[in-house]
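**Student:** This is the structure, below, for whatever I ask next.
Derivation of every value follows stated rules applied to the coordinates shown; laboratory data play no part. In this text the structure is predicted, and so the values were computed from the model without any measurement. For neighbour counting, all protein chains shown are included, and Cβ atoms are generated from backbone atoms with ideal geometry for every residue, glycine included.
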Amino acid sequence: MKNLVIINEDHSLLPEQVMLLDEKFGAGNWKRFNVSRNGLTIKEIDSIVNEFALNDNSIVIASPIPALFALLKKTNINWSVFHNDNREKIELPNGKIIMKIAQTGWILV
């Protein structure tokens, strides 16, 4: 069994996310499964899900891929996602205010 974190190749895990993964699987007992910055076709996603099912993988989704959610729910694969209710307000130099996800407050659902 492998413990895989599905994440866009351009994204990084935050320290709190790494801590949660280490708590869930044990330090060093999980690895990244990088997804291309260009995304995946539905055929590629289906192929990946079939491979995960054959290898009895446990999955954590760090970068959302909606079709992956739909295909995983049809399997017996143990999977979870990172979630964070916290947002930080940031004012840009032009005065526009944006919200971004906070560095802390992460949970695995």
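**Student:** Mind listing whichever residues of the range 2-59 are on the phi > 0 side of the Ramachandran plot and either in contact with an Asp or Glu (Cβ under 7 Å, 6 or more places away or on another chain) or without any contact (Cβ under 8 Å) to a residue 40 or more places away in the chain (or both)?
**Tutor:** Scanning the range 2-59 gives G26, G28, G39.
**Student:** Can you tell me how many residues within the range 85-109 are in a loop (DSSP other than H, G, I, E, B) and either of a type outside the set (V, I, T) or in contact (Cβ under 8 Å) with a residue 60 or more places away in the chain (or both)?
**Tutor:** Residues flagged as in a loop (DSSP other than H, G, I, E, B) and either of a type outside the set (V, I, T) or in contact (Cβ under 8 Å) with a residue 60 or more places away in the chain (or both) within the range 85-109 amount to 11.
**Student:** Within the range 37-58, is there a residue that is of a type in the set (A, V, I, L, M), under 14 Å from the mean Cα position of the chain (by Cα) and not in a helix (DSSP H, G or I)?
**Tutor:** no
**Student:** Tell me which residues, restricted to the range 49-76, are surrounded by 17 or more Cβ atoms within 10 Å (Cβ to Cβ), in contact with a Phe, Trp or Tyr (Cβ under 8 Å, 6 or more places away or on another chain) and either of a type in the set (V, I, T) or more than 18 Å from K2 (Cα to Cα) (or both).
**Tutor:** I59, V60, I61
**Student:** For the range 59-84: of the residues being β-branched (V, I, T) and not in a loop (DSSP other than H, G, I, E, B), which is farthest from L14 (Cα to Cα)?
**Tutor:** Ranking the qualifying residues of the range 59-84, first place goes to I59.
**Student:** A follow-up question, please. Which residues, counting only those in the range 1-36, are touching a helix residue (DSSP H, G or I) at 6+ places or on another chain (Cβ under 8 Å), under 19 Å from L72 (Cβ atoms) and in a loop (DSSP other than H, G, I, E, B)?
**Tutor:** Within the range 1-36, just W30 meets the criteria.
**Student:** Still on this structure: From A62, A53, A70, which residue is among the aliphatic types (A, V, I, L, M) and within 26 Å of G105 (Cβ to Cβ)? Lay out the reasoning, then the answer.
**Tutor:** On the way: A53 fails: within 26 Å of G105 (Cβ to Cβ); A70 fails: within 26 Å of G105 (Cβ to Cβ).
Residue meeting the stated conditions: A62.
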